[in-house]
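J.: Right, I'll just put the structure down here and ask away after.
The values are calculated or read from the model by the stated rules, or taken from the named source; none is laboratory data. Predicted model only: the values in this text are computed from it and were never measured. Heads up, the Cβs are rebuilt from the backbone with ideal geometry, glycines too, and the neighbour counts pull from every protein chain shown. To get the accessible areas, we keep the full protein, side chains included, count just its heavy atoms, and leave off ligands, DNA and RNA. Shrake-Rupley method; radii C 1.70, N 1.55, O 1.52, S 1.80 Å.
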Amino acid sequence: MSDQKIFQRFFYPESVALIGVSTRTGPDSFNILELLLSSGYPARLYPVNPRGGEILGQQVYPSVMELPEVPDLAVISTPRTAVPQVLEQCARKGIMAAVIITQGFSDADDRTGQELHRQIINVIQKYGIRVIGPNTLGIVNNYSGFRTSFVRFHAGCQDIGVVCQSGIFLAAAQDFSSGIGLGADIGNTADLDFTDLLQYFTEHTRIRAINLHMEGLKDGRRFMDIARNAASQKPVIVLKTGCSEQGAKAAASHSGSLTGEDMVFSVAFRQCGLLRVENSSQMGDLNRTFLTYPTATGPRVAIVTVSGGAGIAAVDACSKYGLEVAAYSPETQQKLAQLFPDWMHPGNPADIWPAGMSRGYREVTRQALECILSDPGVDLLLMITPAYLPPDQDPMNITRLFNEAASLHPGKPLAVWIFGPYRHEYRQAIEANGRVVAYDCPEKAAYCLKQLYYYHNKVKGRIFTPPSPPDNLDKVGVQEILRSTKHKILNETALDILAAYRIPVVTHVLAHSAAEACRLAGELGYPLVMKIASPDITHKSDAGGVLLNIKNQQELLAAYERLMQNMQQQNPAPRINGVLLQPYIRNGQEVIMGGKIDPQFGPVVIFGLGGIFTEVIRDITCRVAPVSPAEAREMIGEIKSSAILSGLRGQKAADVDALADCLHRLSFLLYNHPEIREVDLNPVLAGPDGCLTLDARVVLA
């Protein structure tokens, strides 16, 4: 059965089996049957309870097998130990869609719950029945009135699709999302997950924005494939919880989800064009923004205010979120000057209060809005106005003017920052016609307008093209190295792996004795670096395993002896394969490149400021691999210290294209060879004529 037909059964069922329905009724009974009957949803309802009899005038069937037809949907709320057997009965009956309300499976703290969860998965795999849950509030369809909830709640109908891992985001959707059209609490995700629901909501013609409340994710690559397509058609807003260490632990116990590094989630969302929010307030504000404004063509914002101080605050907020303060055309300046007092020069922000005092607040506002919105150099307008009195008593109530101006300029979002004790009443009045959004602070307004511009100009309609691999990759050579090694951690051999992918590495030789070191040093030339070669030592500098600027043979022999003494002081004593000799190179900025296998998204490539303080400073960024050269250049520009690579205080700028090429190649090394669990290139020396890897480590699965 196609996904569309399956979801039709979940969201628009014509018949529903309510298995384990309570025989208790009344306000505190949490009776699903009672709530469905009171909703008036026109489905054939089949209560199932071993006791049989009748509930609320409905015949109760002792088992699923005795139902007179095969229902579209089963809603299971039995004790947890009965769930796997009941689900199997549903499948044998021919039911293809089920919601499991019951808790106590992968979210439980005992082994029994884990085993019951595995039994549910076994039934799903054996029969092909599709399941939402367990541990879920289930389905909300505000278009038809159908819900599987055992809790009565109100959530206004908006064209928003919500997928969550906690029923609170359905029950309190009015607060979290500003309403809801379709919603699914996927709970512990034994079967249907974010990816499945995201695809359905993308294809649903009435849904105009999609919200995800995510605690964890189990198949990040599949999710990204669907999310890219979804975001190119509709804004997808994500509230990812479990960001802190404590939150991640709570998420694991709550939904049984795997939680990866929060940075990786953020970059994966950004690579797909998803909009991640920090809190539910931002989610609700963005929903109202996207449902109200059809587009935003540019980032240039005009600010019209009744307070000079509020105008400055709005400018600061716009600057914080990357909006540009619009420069008015001479024609606009001239028209505004005719409204303003002689002593006041019109600017942006445009403070209309003095003009309003002398010429009439409503008329000045009307003319100012029309004049500024007609300026081709203005893309957005933020109006600042007070709410000191109730709307029906306020002589400064200009709500009608906002909607009139917005209707005349539908391609230029007009937003309002409203302040005062009656801002909630004003917000309802301002937003009633669906043309204008009112925000309660300038930061929220600027944030939402920036996201609106970003989505419509950077994400919507974007066609994803997978990165092309670079030339001259010796995959066979890498496979031979990996196949022949007996170690899990590779140090010296790591440089050979990088070289096979044409990542520049420093010239290096391995010496097994002091005499051999002297001979090889004569071939390399001085000055040199000497490093201990040991499979047991990862951070060579910390162990005293790196000596720099060795200028001659005498210093070389002393360095060799010192290195061996340092190793004897280690506990336990490391295995030593010899010493690695490299030319001593100083010119260039140290950066780090690397990667790892993320439990959700697979290979991830990393870039940042390098050297011995990398782990302390943590000036890094990452991407889900593989990446294109353009994405690699974006990464390089994202770190806080990127200006260092541009050349400071007379230093020459680093070859950014060479760095990007290395990141491009490294990302494909990780992508092509999943046996590599971690790789560190630290440091990589970035100079004006290219880059060079001085040290590396590879960790195998």
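J.: Mind checking which pairs have a first residue in the stretch 444-470 that is among the polar types (S, T, N, Q) and a second that is in a helix (DSSP H, G or I) and at pLDDT 95 or above, Cβ under 7 Å, 6 or more apart or different chains?
T.: GLN451/LEU286
J.: Using the structure shown, decide if SER29 is open to solvent by less than 60 Å² (accessible area, probe 1.4 Å), within 18 Å of LEU137 (Cβ to Cβ), touching a helix residue (DSSP H, G or I) at 6+ places or on another chain (Cβ under 9 Å) and outside any helix (DSSP H, G or I).
T.: Answer is no for this residue.
J.: Please go through the stretch 487-496 and pick out each residue that is part of a loop (DSSP other than H, G, I, E, B) and closer than 21 Å to LEU692 by Cα.
T.: ASN491
J.: In this structure, does VAL627 turn out to be hydrophobic (A, V, I, L, M, F, W, C) and over 22 Å from PHE269 (Cβ atoms)?
T.: Spelling it out, it is not the case that VAL627 is hydrophobic (A, V, I, L, M, F, W, C) and over 22 Å from PHE269 (Cβ atoms).
J.: Filtering the stretch 249-280 down to residues that are in a helix (DSSP H, G or I), farther than 14 Å from LYS218 by Cα and among the hydrophobic types (A, V, I, L, M, F, W, C), which residue is modelled with the lowest pLDDT?
T.: ALA250
J.: Restricting the search to the stretch 362-397, which residues are open to solvent by 70 Å² or more (accessible area, probe 1.4 Å) and either touching a Cys at 6+ places or on another chain (Cβ under 8 Å) or free of Cβ contacts under 8 Å to residues at least 24 places away in the same chain (or both)?
T.: Passing the criteria: GLU363, ASP392, GLN393.
J.: Name the single residue, out of those in the stretch 642-701 being more than 18 Å from VAL605 (Cβ to Cβ), open to solvent by 20 Å² or more (accessible area, probe 1.4 Å) and of a type in the set (Gly, Ala, Ser), that is modelled with the lowest pLDDT.
T.: Of everything passing the filter in the stretch 642-701, GLY650 is modelled with the lowest pLDDT.
J.: Turning to a different aspect of this structure: Specify the residue that is least open to solvent (accessible area, probe 1.4 Å); the eligible residues are those in the stretch 440-486 that are assigned to a loop (DSSP other than H, G, I, E, B) and among the β-branched types (Val, Ile, Thr).
T.: Checking each candidate, the answer is THR485.
J.: Anything in the stretch 172-226 that is in contact with a Cys (Cβ under 7 Å, 6 or more places away or on another chain) and within 20 Å of PHE464 (Cα to Cα)? List them, or say none.
T.: Correct list: MET224 only.
J.: Starting from the stretch 500-528, take each residue that is within 21 Å of LEU685 (Cα to Cα) and list its partners that are among the hydroxyl-bearing types (Ser, Thr, Tyr) and open to solvent by 30 Å² or more (accessible area, probe 1.4 Å), counting only C-beta distances under 9 angstrom and pairs at least six apart or across chains.
T.: LEU524/THR507; TYR526/TYR584; PRO527/TYR584; LEU528/TYR584
J.: Just wondering, is there one or more residues in the stretch 398-407 that are buried (at least 17 other Cβ atoms within 10 Å of the Cβ), in contact with a Phe, Trp or Tyr (Cβ under 9 Å, 6 or more places away or on another chain) and farther than 23 Å from THR295 by Cβ?
T.: The answer is yes, given that some residue of the stretch 398-407 is buried (at least 17 other Cβ atoms within 10 Å of the Cβ), in contact with a Phe, Trp or Tyr (Cβ under 9 Å, 6 or more places away or on another chain) and farther than 23 Å from THR295 by Cβ.
J.: Filter the stretch 497-512 down to residues that are within 30 Å of PRO629 (Cα to Cα) and part of a loop (DSSP other than H, G, I, E, B) and give me whichever is most open to solvent (accessible area, probe 1.4 Å).
T.: This residue is ARG502.
J.: Which residues, counting only those in the stretch 198-214, are open to solvent by 10 Å² or more (accessible area, probe 1.4 Å), among the polar types (S, T, N, Q) and outside any helix (DSSP H, G or I)?
T.: Passing the criteria: only THR205.
J.: Considering only residues that are open to solvent by less than 10 Å² (accessible area, probe 1.4 Å) and aliphatic (A, V, I, L, M), which ones fall in the stretch 580-606?
T.: LEU580, LEU581, VAL591, MET593, VAL604, VAL605
J.: Continuing with this model, one more query. Quick check on the stretch 661-684. Is at least one of its residues farther than 28 Å from ALA533 by Cα and out of contact with any helix residue (DSSP H, G or I) (no Cβ under 7 Å at 6 or more places or on another chain)?
T.: Within the stretch 661-684, not a single residue is farther than 28 Å from ALA533 by Cα and out of contact with any helix residue (DSSP H, G or I) (no Cβ under 7 Å at 6 or more places or on another chain).
J.: Filter the strands (runs of 3 or more DSSP E) completely within the stretch 513-621 down to those with at least 1 residues that are over 28 Å from GLN651 (Cβ atoms) and not hydrophobic (A, V, I, L, M, F, W, C).
T.: Answer list for the stretch 513-621: 578-583, 589-598, 602-609.
J.: Exactly one of these conditions fails for THR195: (1) open to solvent by less than 30 Å² (accessible area, probe 1.4 Å); (2) of a type in the set (Val, Ile, Thr); (3) in contact with a strand residue (DSSP E or B) (Cβ under 8 Å, 6 or more places away or on another chain). Give me its number.
T.: Evaluating THR195 over (1) open to solvent by less than 30 Å² (accessible area, probe 1.4 Å); (2) of a type in the set (Val, Ile, Thr); (3) in contact with a strand residue (DSSP E or B) (Cβ under 8 Å, 6 or more places away or on another chain) leaves (3) as the failure.
J.: Within the stretch 165-176, is even one residue farther than 21 Å from CYS90 by Cα, open to solvent by 10 Å² or more (accessible area, probe 1.4 Å), acidic (Asp, Glu) and assigned to a helix (DSSP H, G or I)?
T.: yes
J.: Condition first: in contact (Cβ under 8 Å) with a residue 40 or more places away in the chain and open to solvent by less than 60 Å² (accessible area, probe 1.4 Å). Now tell me which residues in the stretch 557-579 satisfy that.
T.: If the condition is that a residue be in contact (Cβ under 8 Å) with a residue 40 or more places away in the chain and open to solvent by less than 60 Å² (accessible area, probe 1.4 Å), then TYR560, PRO574, GLY578, VAL579 are the ones that fit.
J.: Can you give me the number of residues within the stretch 316-338 that are touching a residue at least 24 places away in the same chain (Cβ under 8 Å) and over 20 Å from PRO376 (Cα atoms)?
T.: Result for the stretch 316-338: 4.
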